[in-house]
Amino acid sequence: MVALRVFSVSQIKYESTVQEEKAVVDEENSVLVSDGSTLHERGVESLQDWDESWQCQVQGAEELEHWDMFLPLEDGDPRQVPKVLIASCDGVPVLAKTEVTYTAGIEELLHSLKSPLTVVHNVDPSEAASSFSEWVKPAMKEISSFDKAAKKVRGSDPQVAADLKSGKAKIVPMKMVYTVKPPSEEAVSEGQLYRRKVRIVACGNMMADSGEETYAGAAPAEVVRSSLSVASMYGWDAAVLDVTAAFLQTPLNEVQCKQRILGQPPRALVRAGLCHEQELWEFTHAVYGLRESPRWWGEFRDAKMAQLNIVVGARRIKLLQCRVEGSWWRLVEDSALVGLVVIYVDDLLICSTPSIIEAVSKAVRSLWETSTLSWASEGGIRFLGIEIVKVRESFALNQEPYIHELTRLHAIPPTQRDLIPVAKGQSSFEVEPEEAVFTSSELKLAQQLAGEVLWVAQRTRPDISYTSSLISSLSARAPRRAAAIARKCIGFLQGTSKQYLWINTTSPELITWTDASYAPDGGRSHTGWLLMMGQSPINWRSARQSTITLSTAESELAASVEGALALLSAEALLSELKLGLMKSRLRSLSRMMGLMSLEEIVEEVERALDAQRQYDSSSTSRDRSASAGRVPDTTGVCAGKDRNSNGSEKGSSGTQERVQTLRICEYCVRHGGSNPAVPSPTLDEIL
């Protein structure tokens with residue numbers, strides 16, 4: 001049962017006046033919550049001791065039973081001593097909601113382990129409280145990490161009270177996040193099967209918007225696959241390095257922090273005797289949970305990385321940040337590319353020769369404390385949720401541990417190994433009237449399953465992209481059918497969990513395959529495209545088209561335009577690596593493209609790109625034809641010729657001049673050919 005206090009708020013001259021509704025609540029009331037602590041209810045009149053200039057700030061909470069709604073500034077009866085509200089929302093009451101997924105019965109799960117844990121589990125705070133003795137050691141380790149990230153002050157300090165009252169300082173509650181993670185390699189050798197992790201975070205959602213920038217870029221999955229593709233082409237290895245407590249390494253005096261922030265330690269630490277009742281932590285470094293922390297860490301990290309001095313014997317290696325994707329860094333020696341680094345928040349994927357990888361790791365360790373280096377060639381690595389194994393000069397990618405966790409979480413029986421991810425009778429995007437009636441629990445389950453399947457489809461399994469698109473579309477309209485499809489898809493993944501996405505590139509050629517499924521009767525057609533670098537898939541998409549097309553030819557042409565956009569995006573991404581001569585080809589199964597001239601096809605592509613070019617302020621000044629592609633190519637279908645609807649050919653130097661930078665090829669429209677679908681070989685087949 002959740003009790004809500006309702007307030008009406010009016011703002012006068014930048015001051016918020018809070019008035020209680022007519023339904024009066026007795027001040028003496030208190031609520032005993034699940035962890036045994038008492039949550040006091042307070043009327044507004046209890047705040048009248050404050051100066052009238054004090055701005056009252058009220059905010060809803062995600063987990064009220066674990067946070068105090070006010071902070072006493074003196075010892076004594078909490079109803080009588082001066083106090084300060086810890087929530088801030090500029091006087092506007094807000095009800096916040098969270099839907100964190102916890103693993104139920106975590107202690108039983110840990111006791112039943114017979115092999116090392118392979119996935120991360122979130123632990124319910126109430127369950128952690130019941131066995132808090134098991135969490136004391138990781139909690140003390142986390143507290144020690146705050147020794148240099150915050151300085152301790154007392155709420156009873158007159159200066160602190162004055163700053164809080166005047167608004168010079170802001171106070172924010174803190175909470176503990178409990179997780180269980182896979183053990184390190186050293187821990188496994190010592191017989192440990194898991195490790196407990198406690199993270200103390202600030203409840204930044206309860207603070208008013210500071211007006212500072214909060215955006216921080218993160219590496220997308222296609223950058224990871226592109227890096228591994230380049231690594232396989234050059235015969236490099238790959239390794240992963242993790243910066244320990246990254247946010248806490250960011251000094252606020254070196255970033256654009258305009259606030260003085262005080263954190264109230266989690267009440268669980270106070271009850272355990274690890275913190276004093278009146279203790280506050282004044283942040284001197286970025287803290288997990290603050291809206292601005294990812295931005296602060298990103299700016300601080302990039303500035304330090306750009307200054308790294310990487311030495312390999314007598315060689316000097318430079319680390320240069322890419323302009324198109326800021327999470328991608330080049331390792332350059334005398335203008336030659338010798339490696340790549342992908343950064344995802346505090347995780348680094350380093351692709352290069354072993355000696356250079358070791359040198360980069362050493363340079364990073366000179367800046368921050370890090371984990372030990374893990375190698376793809378020595379047991380495999382995990383980065384961005386992808387399991388990566390080096391096989392000869394190639395890389396094999398899959399998400400087998402995550403798939404196994406999905407089968408456990410949703411009770412998929414081990415015998416369910418579906419041959420296809422979705423049955424024909426369930427594959428319609430149309431919704432029947434009876435499917436539109438559902439409960440909130442069915443909706444929540446469908447949305448959860450949609451996200452879980454999407455996580456796999458976007459990283460290592462292009463073969464379930466259509467199914468993922470279908471589940472996502474139906475999750476809010478027909479959640480019961482979406483959940484049934486998702487369970488079947490997980491059964492299919494269970495039967496194919498040993499299959500790997502094979503990254504094996506021998507040339508930097510970019511090829512995009514496109515196709516579409518026409519939807520008659522005014523429906524929206526479905527587009528699918530696959531982008532490959534050499535023989536390696538680096539990006540793909542399956543989705544309904546945004547507009548209604550009137551024929552199969554038009555739908556396939558729309559798919560080709562989307563494929564061309566993806567091709568140009570990848571080309572812009574890879575152009576900074578200077579890989580040498582790089583051909584770009586757009587291939588389609590469309591018969592209409594076989595009947596159209598190359599000039600007509602390019603006109604359609606350029607028409608779709610015109611609007612996008614207007615917003616590309618960072619692009620270099622190039623003429624219109626050059627912006628459609630990169631490298632002139634005199635080979636391919638219809639080079640320098642138009643083909644009319646009768647199949648006759650005529651020379652056209654104008655056409656060759658316009659399309660020489662973008663190869664748009666008929667995929668065996670008249671001559672046949674092999675299926676362009678990418679196989680998913682098993683690791684045994686790769687070996």
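No value in this document is a laboratory result; all are computed from the given coordinates. The structure presented is a predicted model; accordingly, all values stated were derived computationally and were not measured. Glycine gets a Cβ as well: all are built from the backbone with ideal geometry, and neighbour counts include every protein chain shown.
Assuming 0.36 nm per residue, please report the length gained on full extension of the stretch Lys197 to Gln159 beyond their Cα-Cα distance.
Taking 0.36 nm per residue and subtracting the Cα distance, the gain is 10.2 nm.
Quote the FRET efficiency, to the nearest 0.05, computed for Arg271 versus Ser166 with a Förster distance R0 of 30 Å and r equal to the Cβ-Cβ distance.
Efficiency computed from Cβ-Cβ geometry: 0.45.
Which loop-located trypsin sites (Lys or Arg not before Pro) does region 348-407 contain, where loop means any DSSP state but H, G, I, E or B and the Cβ has at most 14 other Cβ atoms within 10 Å?
Taking region 348-407 and a limit of 14 other Cβ atoms within 10 Å, the loop trypsin sites (Lys or Arg not before Pro) found are Arg392.
Separation between the Ser371 and Ala187 pseudo-spin-labels, each 7 Å from Cα along Cα→Cβ, expressed in nm?
Between Ser371 and Ala187, the label points sit 0.9 nm apart.
With a cap of 13 neighbouring Cβ atoms within 10 Å, and only residues DSSP puts in a loop, list the GluC sites (Glu not before Pro) found in region 340-406.
Glu369, Glu378
At q = 0.09, 0.19, 0.22 Å⁻¹, what base-10 log of I(q)/I(0) does the Debye formula yield for region 236-373 when every alpha carbon is treated as an equal point scatterer in vacuo?
Treating every Cα as an identical point scatterer, log10 I(q)/I(0) equals -0.35, -1.07, -1.31.
Give the calculated FRET efficiency between Val437 and Ser551 to the nearest 0.05, with a Förster radius of 30 Å applied to their Cβ-Cβ distance.
On the way: r = 36 Å, r/R0 = 1.20.
Working from the Cβ atoms, E equals 0.25.
Show me, for region 576-588, the HN-Hα J-couplings you get by feeding each phi into the Karplus relation (A = 6.51, B = -1.76, C = 1.60, θ = phi - 60°), rounded to Hz, glycine and proline as x.
Calculated HN-Hα couplings, in order: 5, 6, 6, 7, x, 4, 10, 8, 10, 10, 10, 10, 9 Hz.
Which distance in nm do the two modelled labels at Gln426 and Thr214 give, with both placed 7 Å along the Cα-to-Cβ direction?
Using points 7 Å along Cα→Cβ, the separation is 3.7 nm.
Quote to one decimal, in nm, the extra length available between Arg291 and Tyr234 on full extension: 0.36 nm per residue of separation minus the C-alpha distance between them. Each step should come with its number before you reach the end.
On the way: separation 57, 0.36 × 57 = 20.52 nm, distance 3.99 nm.
Between Arg291 and Tyr234, full extension yields 16.5 nm more.
When only DSSP loop residues count, what trypsin sites (Lys or Arg not before Pro) in region 262-339 have their Cβ near at most 14 other Cβ atoms within 10 Å?
Sparse-neighbourhood loop trypsin sites (Lys or Arg not before Pro): Arg323.
From the residues Gln458, Ser468, Ile485, which one has its Cα farthest along the dipole of region 400-500 in the positive direction, the dipole being from +1 and -1 charges on Cβ of Lys/Arg and Asp/Glu about the Cα centre?
Of the candidates, Gln458 comes out farthest on the positive side.
For Val287, what residues show an amide H to amide H distance below 5 Å, using hydrogens built from the backbone and excluding near sequence neighbours?
Amide H to amide H, under 5 Å and 5 or more residues apart or across chains, Val287 pairs with nothing.
Mind giving me the FRET efficiency for Thr244 and Tyr518? R0 is 60 Å, r the Cβ-Cβ distance, nearest 0.05 is fine. Intermediate values should be presented prior to the final figure.
Details: r = 53 Å, r/R0 = 0.89.
Taking R0 as 60 Å, the efficiency between Thr244 and Tyr518 is 0.65.
If I model region 211-305 as equal point scatterers sitting on the Cα atoms and use the Debye formula, what is log10 I(q)/I(0) at q = 0.22 Å⁻¹?
-1.12
Note down the nm distance, to one decimal, between modelled labels 7 Å out along Cα→Cβ at Val324 and at Ser507.
So the two model labels end up 2.0 nm from each other.
Using only the Cα atoms of region 384-442, build the gyration tensor, take square roots of its eigenvalues as a ≥ b ≥ c, and label the shape rounded, prolate or oblate: rounded if a/c is under 1.5, else prolate if a/b is larger than b/c, else oblate.
Prolate, since a/c reaches 1.5 and a/b exceeds b/c.
What's the center-to-center distance, using Cα atoms, between region 503-567 and region 296-314 in Å?
When both Cα centres are located, 39 Å separates them.
Please list 3J(HN,Hα) in residue order for region 228-235, calculated via the Karplus relation 6.51 cos²θ - 1.76 cosθ + 1.60 where θ = phi - 60°; whole Hz, with x for glycine and proline.
5, 5, 5, 4, 5, 5, 9, x
Along region 314-321, what does the Karplus equation 6.51 cos²θ - 1.76 cosθ + 1.60 (θ = phi - 60°) give for ³J(HN,Hα), rounded to whole Hz, x for Gly and Pro?
Per residue, the Karplus-derived 3J(HN,Hα) values read 8, 8, 10, 10, 9, 10, 10, 7 Hz.
Between beta-carbons, use under 13 Å as the cut-off and find the net charge around Leu384, counting Lys and Arg +1, Asp and Glu -1.
Values: positive: Arg225, Arg382, Arg459; negative: Glu222, Asp242, Asp346, Asp347, Glu387.
The answer is -2.
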